[in-house]
Every structure is written in C-alpha cells, then in structure tokens.
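First comes the structure, then the notes that go with it.
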Amino acid sequence: MNSRVALQLAGVDRHYGQGDRLLTILKGADFSLRSGEIVALVAPSGTGKSTLLHIAGLLEKPDGGDVIVNGHSCAQLGDEERTAIRRNEIGFVYQFHHLLPEFSALENIMMPQLIGGLPRSEARERAKQLLDYMRIGHRADHRPSELSGGEQQRVAIARAVANAPIVLLADEPTGNLDPETAGYVFEALQALVRQSGLAALIATHNLELAGRMDRKVTIEDGKVRELR
Ligand code: ADP
Ligand code: MG
C-alpha cells in the first residue's frame, strides 16, 4: 500500500497514578494508520482502547512519545496548536452520541463548520449532503431526542466528518445499538470512509464488525499488536 500515513503513534507511553501504584496502560506503543483504511481496535474492557483513542485524537497528552497527525508532530505543541490540529484533521465519535440536545440534526452538523469559519449557507449545504449520505436527510430538522439510537449515531458520524478531517476515531460507536442497527450504522460509516479516503480507527467489541474492517489491532503489554 502506498497511500500516505494519516496518523502515527510513535513510542507512546501512558500511565495513571492509582494511590502509590502506577498503572501502565501504554508503553512504547507504535501504530500507523493510512488514508483509506479502516482499522478495528479490539481489546477487553479496561485495556486502554479509550486511552489510546483520546491520545490519538489529541484529547489527552501522552506521558512520552509522539502523535503525528497528517505529518504534524504534536509532542512539542501547545494546547492552542493541538486544538487547531484536532479541529481541522480529526473527527471523533463516542459510544453515546454527545449531540447538542437543543439543536436539530442539521444544526449539530453545521456547528463545527461554523466554528471553523465557514459561511452559514455553505455549512448548511454540506450538512444536508452528509445527512443524505447517511440516509437520514428526512430527519434534518429533528432534535436528538426525537431520533432513534441508530439515527443519533449517524448524525454523530456526520458531525465528526463535517470539517473533512483526515482521521476518524470512533470509540465503540455502535456499542449502544442492537446488532442489526449496529450493522447499518457501520455500513454507512464504511461507505463514508471509502468515498472520502479518510483513515478510520474504530474501537469495537463486535467481532463480526471487526471482521469487516481492513485489519484488526489490539493492545497487549502496553503495545499495539496486529491481530490475525
Ligand atoms: P477501555 O476503553 O479499553 O475499556 P480505558 O482506556 O478506558 O480502557 O482504561 C484503561 C485503564 O486505565 C482502566 O484500568 C482504567 O480504569 C484506567 N484509567 C482510565 N482513565 C483513567 C484516569 N483518568 N485515571 C486513572 N485511571 C484511569
Ligand atoms: Mg473505552
């Protein structure tokens, strides 16, 4: 594969202090994610999947090592620069949608674009396209509470890619859905990644979905390992 590396973890360390004990989650973790590929992150609960995704998404700082996003080494950057890279290059989807309850689906998807400085009309147009692409165009004016779990997650995915990031990180995005709905939501996500050339890293407990991704990795002894 000669597509470019969208995201790289290089020798990432992360530990948490628990009383006088040190809990080591990541120790010299290396990982590369290329544009156009979807990688499953599969590991038992408590292993460090969310930790790894938060570090990769510049939501959390590692204790050592570097995160390189679209060629930008982030180890030496301050908070403002990290925030700018996160906004422009990274989309994040959580297990629970985290949509703003008082805004419609359309407005939720417009929001990151408006924050990014796009004119309202353009943000609205792109939000509409994304909703149509996720096959929920007819739900544009509904608030999150008026949407089903699967619809909420499709809006959350659309919002995550609204600013055309290079990397999509998703933390058990279908973990809260029944298997059939999880399948639909994953299909929509997969189509979006294929169409846009995004790089996606998706934590999941769903082995059937993991099997449909391009490759699978796990966390073992603080390192990222390829699963066969
Ligand atoms: P996963 O997403 O695979 O379930 P997490 O990354 O959430 O795992 O957590 C990995 C381990 O780190 C767990 O044992 C968790 O209790 C611990 N942990 C996570 N965040 C913190 C924190 N802020 N402080 C202390 N321990 C934490
Ligand atoms: Mg987790």
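The values are calculated or read from the model by the stated rules, or taken from the named source; none is laboratory data. None of the values given here were measured: they were computed from a predicted structure. Please note: Cβ atoms are built from the backbone with ideal geometry, for glycine as well, and neighbour counts cover all protein chains shown. Areas reflect the complete protein model, heavy atoms only, side chains present, ligands, DNA and RNA absent. Shrake-Rupley method; radii C 1.70, N 1.55, O 1.52, S 1.80 Å.
Just Asp66, Asp20, Asp171 to compare: in a GNM of the chain, with alpha carbon springs under 10 Å, which one fluctuates most?
Its mean-square fluctuation being the largest, the pick is Asp20.
Classify segment 172-228 from the C-alpha gyration tensor, please: rounded if a/c falls under 1.5, else prolate or oblate depending on whether a/b exceeds b/c. Let's see the in-between values first.
Working: a/c = 2.26, a/b = 1.35, b/c = 1.67.
Oblate, since a/c reaches 1.5 and b/c is not below a/b.
Can you list the residues, at least 5 places off or on another chain, whose amide H is less than 5 Å from the amide H of Glu37, using H built in the peptide plane?
Long-range HN contacts for Glu37: Ala200.
Over the Cα atoms of segment 5-226, what is the Rg over Rh ratio if Rh follows Kirkwood? It would help to have the intermediate numbers written out before the result.
Details: Rg = 17.2 Å, Rh = 17.7 Å.
Ratio of gyration radius to Kirkwood radius for segment 5-226: 0.97.
Calculate the spin-label point distance for Tyr16 paired with Gln129, positioning each point 7 Å from the Cα along the beta-carbon direction, and give it in nanometres.
Once both label points are built, they end up 4.0 nm from each other.
What trypsin sites (Lys or Arg not before Pro) in segment 73-164 are in a loop by DSSP, with at most 14 other Cβ atoms within 10 Å of the Cβ?
Numbers: sites: Arg82, Arg86, Arg87, Arg120, Arg124, Arg126, Lys128, Arg135, Arg139, Arg154, Arg159; in loops: Arg135.
Hits after loop and neighbour filter: Arg135.
Would you check the chain for Lys pairs whose C-alpha atoms are within less than 25 Å, ignoring same-chain pairs closer than 8 in sequence, and give me the count?
Step by step, the pairs that qualify in the chain add up to 9.
Using 7 Å Cα-to-Cβ label points, what is the Ser3/Arg225 separation (nm, one decimal)?
2.7 nm
Report, for the chain, the % of DSSP beta bridges that are antiparallel, rounded to 5.
Once the DSSP bridges in the chain are tallied, antiparallel ones form about 60 percent.
With runs of 4+ DSSP H residues as the only contributors, calculate the mean residue ellipticity of the chain at 222 nm using -39,500 (n - 2.57) per run, divided by the residue total and rounded to the nearest 500. Could you put the intermediate results ahead of the total?
Numbers: 7 runs with 79 residues, N = 228.
Estimated from H runs of four or more residues: -10500 deg cm²/dmol.
Report in % the part of the accessible area of segment 5-226 that belongs to carbon and sulfur, leaving out ligands and nucleic acids; probe 1.4 Å.
Values: 4820 of 10290 Å².
About 47 percent, which is the carbon plus sulfur part of the accessible surface.
Can you give me the angle between helix 79-89 and the longest principal axis of the chain, using Cα atoms only, in degrees from 0 to 90, rounded to the nearest 10?
The answer is roughly 60 degrees.
Cα gyration tensor of segment 1-123, axes a ≥ b ≥ c as square roots of the eigenvalues: rounded (a/c below 1.5), prolate (a/b > b/c) or oblate?
On the way: a/c = 1.83, a/b = 1.50, b/c = 1.22.
Prolate.
What accessible area per residue, rounded to a whole number of Å², is obtained for the chain using a probe radius of 1.4 Å?
Values: 11080 Å² over 228 residues.
Ligands and nucleic acids excluded, the result is 49 Å² per residue.
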